[in-house]
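> Encoded as structure tokens, here's the structure I'll be asking about.
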Amino acid sequence: MKMTLKEIARIVGGEICGNENVEISGPASVDNAGENDLIFAVGVHIEKAKTSPAAAVLIPRDVENFPKDAIKVDDPRAAFAKLLAVFTPKLERPVEVSEKAYIGKNVKIAAGVTIMPFAFVDDNAEIESGAVIYPHAYIGQYAVVGENSLIYSSVTIREYCKIGKRCVIHSSAVIGSDGFGFTTKDGVHTKVPQVGNVVVEDDVEIGAHVGIDRAAMGSTVIGHGTKIDNLVHIGHNCKIGANCLIVAQTGISGSTVVGDNVTFGGQTGTVGHITIGGNSVYAARSGITNNMPENSFCAGFPVQTHAEWLRMQASLKKLPELVKKVRRLESENRGNREPEK
């Protein structure tokens, strides 16, 4: 597939700087671009892009005197993502329910659904229009998969859980596993029944090997537009707000309430039963142990403002020299003492 710079500019709403008839064979990274490729550049990568063999570059609108054919756009990353979708061939899937899939009793399957071989849809489940279920996925009893949602291989969606519209759930994620609830008496741990469910709202993406626990009672909720990376765990009765970003290996303990537009860096952890305010960012490996206000930018364990954490890290680097100085002063102090009589 080839497109001219003029055609690409029309797709991304950009302004051409250079030859509009240059042909592009596809998008590529700055490091791997060939002479017929299109790349994007922002920040420090703009200088590197100037010497790239790429045919053309997507750049921000405020860049002046760029020496290569280019398209100026408001957000080069977003424009590049749009082009990736255009240049990538769509996968072909038959719109049918395979005879090799297991379909239980009283299952509701809308028009335009794809259920591939060896998927298992249990009794009384509902699959809405345009949904795609890959092989070896399990859809539990009374579970709902919303319109145009994509359920990849080996996903488990347990009983009574609800998946919204246009969701993507990647391989081996488990939605609705039992919450970690036990009572302990005389050293014996007794399971507390987990009778709630998980509600995943519209336009959520859930990565591979994610575990989202069902509520003990009520619902664990993932808000619309939230994106969850691989290997994340979300405990029972959590309420995750809209448009959050939760990066790999993060663990959110049970009954935590998270506001909208919160970003958790990789390996962030929280205690349970706290509220984390919206419009906040927590750097990788943050440990959140208390309620947090809105509009926070924090890091470290226990979590603190990012500015405080940076100052602390800078001070830690000085510790070895400080220890030497203290030992030297102690030695000098001992040498200056008068001998005991």
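Readers should treat all values here as calculations from the given coordinates under stated rules, not as data from a laboratory. Being a predicted model, the structure only gives us computed values, none of them experimental. With ideal geometry, Cβ positions are generated from the backbone for all residues, glycine too; neighbour counts draw on all protein chains shown.
> For the stretch 79-90, what does the Karplus curve 6.51 cos²θ - 1.76 cosθ + 1.60, with θ = phi - 60°, yield as ³J(HN,Hα) per residue in whole Hz, taken in order and with x for Gly and Pro?
Coupling constants for the stretch 79-90: 5, 5, 4, 4, 5, 4, 5, 5, 7, 7, x, 6 Hz.
> Run the numbers for Asn333 and Val188: contour at 0.36 nm per residue of separation, minus the present Cα-Cα distance, in nm.
Extending this stretch completely gives an extra 46.4 nm.
> Assigning unit charges at the beta carbon (Lys, Arg +1; Asp, Glu -1) and nothing else, what dipole magnitude in debye, to the nearest 20, does the chain show about its Cα centre?
Values: 35 positive and 38 negative charges, 244 e Å.
Dipole of the chain, to the nearest 20 debye: 1160 debye.
> Also, I was wondering about something else. Before anything else, pin down the relative contact order of the stretch 225-291: Cα pairs under 8 Å, at least 6 apart, normalised by residue count, whole percent.
27
> Right, next: Within 12 Å, Cβ to Cβ, of Arg311, how many net charges do the neighbouring residues add up to if Lys/Arg are +1 and Asp/Glu are -1?
Result for the neighbourhood of Arg311: +1.
> For the chain, what does the relative contact order come out to in percent, with C-alpha contacts under 8 Å and a separation of six or more?
Reported relative contact order: 6 percent.
> Compare the Cα positions of Asn237, Asn197, Ile24 along the charge dipole of the chain (+1 at Cβ of Lys, Arg; -1 at Cβ of Asp, Glu; about the Cα centre) and return the one farthest towards the positive end.
Asn237
> While we're looking at this one, here's another question. Could you give the distance between the Cα centres of the stretch 200-256 and the stretch 19-49, to the whole Å?
The two parts, judged by their Cα centres, are 36 Å apart.
> Show the residues, 5+ positions off or on another chain, whose built amide H is closer than 5 Å to the amide H of Thr250.
His233, Gln267, Thr268
> How large is ³J(HN,Hα), in whole Hz, for each residue of the stretch 234-251 in order, when computed from phi with the Karplus curve 6.51 cos²θ - 1.76 cosθ + 1.60 and θ = phi - 60°, using x for Gly and Pro?
Values per residue, Gly and Pro as x: 10, x, 5, 6, 6, 10, 9, x, 7, 6, 7, 10, 10, 8, 3, 6, 6, x Hz.
> Let me ask something additional. What is the calculated FRET efficiency for Lys317 to Ala284, with r their C-beta to C-beta distance and R₀ = 25 Å, to the nearest 0.05?
Computed FRET efficiency for Lys317 and Ala284: 0.85.
> Follow-up question, since we're still on this one. Please return the longest range in the chain lying between exposed loop sites, taking GluC sites (Glu not before Pro), DSSP loop only, at most 10 other beta-carbon atoms within 10 Å, and leaving the sites out. List each step's numbers first, then the result.
On the way: sites that count: Glu35, Glu64, Glu92, Glu99, Glu340.
Of all site-free stretches, the longest is 100-339.
> Along the charge dipole of the stretch 76-131, which of Pro76, Ile103, Ile127 sits closest to the positive end, that is, farthest toward it, with unit charges on the beta carbon of Lys, Arg, Asp and Glu (+1, +1, -1, -1)?
Pro76
> By how many nm would the segment from Ser129 to Glu35 lengthen if fully extended, with 0.36 nm per residue of separation less the alpha-carbon distance?
Full extension of this stretch gives 29.5 nm more.
> Treating cross-link reach as a plain straight distance, find the aspartates and glutamates whose alpha-carbon is under 18 Å from the alpha-carbon of Lys239, omitting any fewer than eight places away in the same chain.
Within reach: Asp178, Glu201, Asp202, Asp203, Glu205, Asp213, Asp229, Asp260, Glu294.
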